[in-house]
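Report on the following structure.
The values are calculated or read from the model by the stated rules, or taken from the named source; none is laboratory data. All values reported here derive from a predicted model rather than from experimental measurement. Cβ sites come from the backbone with ideal geometry, for glycine too, and all protein chains shown count toward neighbours. Ligands, DNA and RNA are excluded from the accessible area calculation, which covers all protein heavy atoms including side chains. Shrake-Rupley method; radii C 1.70, N 1.55, O 1.52, S 1.80 Å.
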There are 4 protein chains.
Amino acid sequence: MFKEGDWVLIVYKDEKRYLRRLESKGSINVKKEVLKFSEVIGKEEGFKKGNFSIFRPTLEDIILYGFKRKTQIIYPKDTFFIAFKLDIREGSKVFEFGTGSGCTTVVLSRLAGSKGEIYSFESSPEFYKNAKTNMETFGLGKNVKLFNKDFLEADLEENSFDAGFVDVKEPWLYLEKIHRVLKKGRPAGFLLPTTNQISVLLKEMKGFSNIEVLEIMIRYYKTVPERIRPEDTMIGHTGYLIFGRKI
Amino acid sequence: MFKEGDWVLIVYKDEKRYLRRLESKGSINVKKEVLKFSEVIGKEEGFKKGNFSIFRPTLEDIILYGFKRKTQIIYPKDTFFIAFKLDIREGSKVFEFGTGSGCTTVVLSRLAGSKGEIYSFESSPEFYKNAKTNMETFGLGKNVKLFNKDFLEADLEENSFDAGFVDVKEPWLYLEKIHRVLKKGRPAGFLLPTTNQISVLLKEMKGFSNIEVLEIMIRYYKTVPERIRPEDTMIGHTGYLIFGRKI
Amino acid sequence: MFKEGDWVLIVYKDEKRYLRRLESKGSINVKKEVLKFSEVIGKEEGFKKGNFSIFRPTLEDIILYGFKRKTQIIYPKDTFFIAFKLDIREGSKVFEFGTGSGCTTVVLSRLAGSKGEIYSFESSPEFYKNAKTNMETFGLGKNVKLFNKDFLEADLEENSFDAGFVDVKEPWLYLEKIHRVLKKGRPAGFLLPTTNQISVLLKEMKGFSNIEVLEIMIRYYKTVPERIRPEDTMIGHTGYLIFGRKI
Amino acid sequence: MFKEGDWVLIVYKDEKRYLRRLESKGSINVKKEVLKFSEVIGKEEGFKKGNFSIFRPTLEDIILYGFKRKTQIIYPKDTFFIAFKLDIREGSKVFEFGTGSGCTTVVLSRLAGSKGEIYSFESSPEFYKNAKTNMETFGLGKNVKLFNKDFLEADLEENSFDAGFVDVKEPWLYLEKIHRVLKKGRPAGFLLPTTNQISVLLKEMKGFSNIEVLEIMIRYYKTVPERIRPEDTMIGHTGYLIFGRKI
């Protein structure tokens, strides 16, 4: 049952989604329809009142509607793919650089599970703080070690990581270290917004094989059964994903 | 170190990928270049010889190149998204119907982890058998209970599942049961190849809210740094994904 | 040389585009940068001042930035394809129903040339008037006969049209007449926003063969050479195109 | 009526399309169903026999199924857009370099009409010959002047062309001349397969404004009304289109 202080996803007519903390005096107002949080407290998940439905947020809901963003977000369509593509599993030891807002961190974290270890590096104090707060606010990332440090300065054991993910402007500057700390044969992933960066990265990925470059696109449809059609606008680009395995 | 009997992914020039079991007398021949498996046995992951690189297969590699298919495959681009979208986590209890070739099963299984439980139903004896073999062959799905049974015939506790995924022709026939066995507020996902099916399903999803309809597209690029461009052909369609949460 | 009263396309930094009529006292103000039209009059096409470039508008510019819209616009990406797909050429006789804002009309008109004939029908007096004004304002559609009339009420000769294009909600109501007035073997095109409509139309297209259903997507890229990447958002959907030929 | 020697498009079940010249002794055999051409001669367009429908080919049919290709084809989805984007109209004077197989040439030619002039340059004797034959075979390009010559060697008047289209590997080598021969303010278009080429071109397009970079994608759907869905595979890439206007 929902209780005071819980985070909830409030859905209005399958169209609008809000992440709110339940406070007994709180309320939400969408298109002049009001939902008082006092009516939600004590109800079970899936409670519906008027055009509002109330749920506990999924990991995706938290990332999309709950996390504060100081950086360009990496979308769930990308991170869900990245986590599995990196072959992360229960107990995996994974590094990430940079943490950004923590959107990828918590996805990697979930797939690695409670026995897993995510070492996440962020050189900006501001981003580091924000990511830390994001994860703490929603009780995520229990298996994450968050460092306010450049990846190059990290003291990491050779051949010790099962996978790595890098989301920085010039990932090629870190390739040598990435290669060194990965276990033999294991995958690294990169997200890059521009094709120019792909070119530079590919040129430098000598120590990797099974290279793949791809992008994931998501197209949402309207949910009216009599009028099935895509939404008028869609996200045109988030980033290109590059993967390779240490040789 | 690779040893006899291991499954390996053999990559040829970032272009071709093969999943093979290492037998000391075995070999592979790609464009007249031969790799003898006896040369691979005893080497470490990431071993490279000529244009061949050899790795332990990821979950994706196993699904794409190892699983035998008796049914239309559901692609990793879709299943990776589905698993996270359904908010599966360590210890989740999830049902699936139908199992098909087991491609989704093993992805749900991995995210649910060793404490998780996947109940997967397949009414076709042939598909059931094939999925079972697929998982056993690659040592996957330890947390999966596979049933050769129609979902309607399954004896399942009410309000007991954290999530469910359905990949059958007429999922609307199962909505009542899906709704009954899901915990309150929890998500169900559906994969459907045609828009006509989306229409019928949406009409019947009265017991669900926060409905979303979408498709995931993946676009691969060539990996030559001097000539960055998408591949000439791409997969045009696998299926539409529909999600909703029990109210 | 530009003279008073000319329509011009004003481009600001490759980012913003405006269609304006040159009046000697007029001006435009973009991000605090002002361009007085008195400075443009007397200059040649391609004149550049500060971040502004000034051109005579293309047909696309007129449709996108000049035409008043009372209806959902059909985009150039679609109409450019439609006109050629319908095999329109110099002297073609083409019908269209409904005219809408005239966005398709002027494209069909241009390909048919001065010897061509476009019969365009629009049953709404408001849309009819708007389309008429749109074409007159920009001196387009000299070969267009615009009728404020339902297509069923039009008195048209059998087997007399080289091609036809239909953009109405229920095109299947007009199929018999469309078939009757087309020359044998000639193409008809349809634009429909939803997949439900495609289903109904296809079921009724008995008198047609070589049926094709498709959609055209356009993806714009940023124009910074050091940072080639798609725009953040793109149009997700305008309509599905259906083509067939009379048998 | 169809007569001996006519080119026809033969459509089999909306699935397969063939361009054939009608010879009284000829025939076509698709999936063991035979159509004798003697049965077609004397019939009208739109004639149907068994699963075959027979039509006069459209410009698109000729390009896709009739033209011999010595070069990478430029697809109708692209050329239809290019022709209108370049604002070509009745009587336009347009240059093109290189001609390739003539697929773009005939599209530009059609929109320019009988009073138009297309100057098309191709430096390879082999491609030049093939393009010439392609156009002659199908009676296309009456307004085309085809030159077996490098564009730089062409003796062309300054400020004399309404538009230009360039499809060569290194279009930046020709920018100065392109700029010189275009009328002030008029558009040039480029097709490039890789993003690396876009970067180089954009850096050199100093003399142009209103730059746009885009790609056109086409997605075909199955035509079964009860099972509306995209085709399994689609073309993933043909080329990027770049447009700019002379300043």
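Worth a mention:
- Some residue of segment D:51-58 being more than 30 Å from D:LEU191 (Cβ to Cβ) and open to solvent by 40 Å² or more (accessible area, probe 1.4 Å): yes
- Single match in B:GLU45, B:GLU4 (criterion: farther than 29 Å from B:GLY100 by Cβ, among the acidic types (Asp, Glu) and either free of Cβ contacts under 8 Å to residues at least 12 places away in the same chain or open to solvent by less than 40 Å² (accessible area, probe 1.4 Å) (or both)): B:GLU45
- Top-ranked residue of segment D:192-212 - restricted to ones that are in a helix (DSSP H, G or I) and of a type in the set (A, V, I, L, M, F, W, C), ranked as surrounded by the fewest Cβ atoms within 10 Å (Cβ to Cβ): D:VAL200
- Just one residue in the set C:GLU96, C:GLU90, C:GLU136, C:GLU122 is surrounded by fewer than 21 Cβ atoms within 10 Å (Cβ to Cβ), at pLDDT 95 or above and more than 10 Å from chain D (Cβ to nearest Cβ); that residue is C:GLU136.
- Check on D:LEU152, open to solvent by less than 40 Å² (accessible area, probe 1.4 Å), under 28 Å from D:ILE63 (Cα atoms) and under 24 Å from the mean Cα position of the chain (by Cα): no
- Any hit, segment D:183-191, residues being crowded, with 20+ Cβ neighbours inside 10 Å, facing chain C (nearest Cβ under 7 Å) and either over 21 Å from C:PRO57 (Cα atoms) or among the β-branched types (Val, Ile, Thr) (or both): no
- Scan of segment A:127-150 for residues that are closer than 22 Å to A:GLY164 by Cα and assigned to a helix (DSSP H, G or I), ordered by number: A:PHE127, A:TYR128, A:LYS129, A:ASN130, A:ALA131, A:LYS132, A:ASN134, A:MET135
- All positions within segment A:201-237 that are among the small types (Gly, Ala, Ser), over 24 Å from the mean Cα position of the chain (by Cα) and within 13 Å of chain C (Cβ to nearest Cβ): none
- For C:VAL40, the conditions (1) within 19 Å of the chain's Cα centre (by Cα); (2) open to solvent by less than 20 Å² (accessible area, probe 1.4 Å); (3) among the aliphatic types (A, V, I, L, M) all hold with the exception of (1).
- Within segment B:214-237, the set of residues being open to solvent by 10 Å² or more (accessible area, probe 1.4 Å) and without any contact (Cβ under 8 Å) to a residue 12 or more places away in the chain comprises B:LYS222, B:VAL224, B:PRO225, B:GLU226, B:ARG227, B:ARG229, B:ASP232, B:THR233.
- Restricting segment A:71-87 to residues that are of a type in the set (Ser, Thr, Tyr) and within 14 Å of another protein chain (Cβ to nearest Cβ), the residue that is surrounded by the most Cβ atoms within 10 Å (Cβ to Cβ): A:THR79
- Any chance A:GLU60 is within 23 Å of A:THR137 (Cβ to Cβ) and free of Cβ contacts under 8 Å to residues at least 60 places away in the same chain: yes
- One residue stands out in segment C:15-26 among those that are open to solvent by 40 Å² or more (accessible area, probe 1.4 Å) and more than 17 Å from D:ARG186 (Cβ to Cβ): the one that is modelled with the lowest pLDDT, namely C:GLU15.
- The single condition among (1) open to solvent by less than 10 Å² (accessible area, probe 1.4 Å); (2) closer than 24 Å to A:VAL181 by Cβ; (3) more than 9 Å from chain B (Cβ to nearest Cβ); (4) not charged (D, E, K, R) that A:VAL107 does not satisfy is (3).
- When C:LEU156 is tested against (1) more than 7 Å from every other protein chain (Cβ to nearest Cβ); (2) in contact (Cβ under 8 Å) with a residue 24 or more places away in the chain; (3) outside any loop (DSSP other than H, G, I, E, B), just one condition goes unmet, and that condition is (3).
- Some residue of segment A:73-91 being within 22 Å of A:ILE216 (Cα to Cα) and among the hydroxyl-bearing types (Ser, Thr, Tyr): yes
- For B:TYR240: the one exception among (1) in contact (Cβ under 8 Å) with a residue 24 or more places away in the chain; (2) open to solvent by less than 10 Å² (accessible area, probe 1.4 Å); (3) facing chain D (nearest Cβ under 7 Å): (3)
- Residue ID - farthest from the other protein chains (Cβ to nearest Cβ), chosen from residues in segment D:110-119 that are crowded, with 24+ Cβ neighbours inside 10 Å and in contact with a strand residue (DSSP E or B) (Cβ under 8 Å, 6 or more places away or on another chain): D:ILE118
- Of the residues making up segment C:27-37, those that are exposed (fewer than 15 other Cβ atoms within 10 Å of the Cβ) and either within 14 Å of chain D (Cβ to nearest Cβ) or farther than 24 Å from C:PHE67 by Cβ (or both) number 5.
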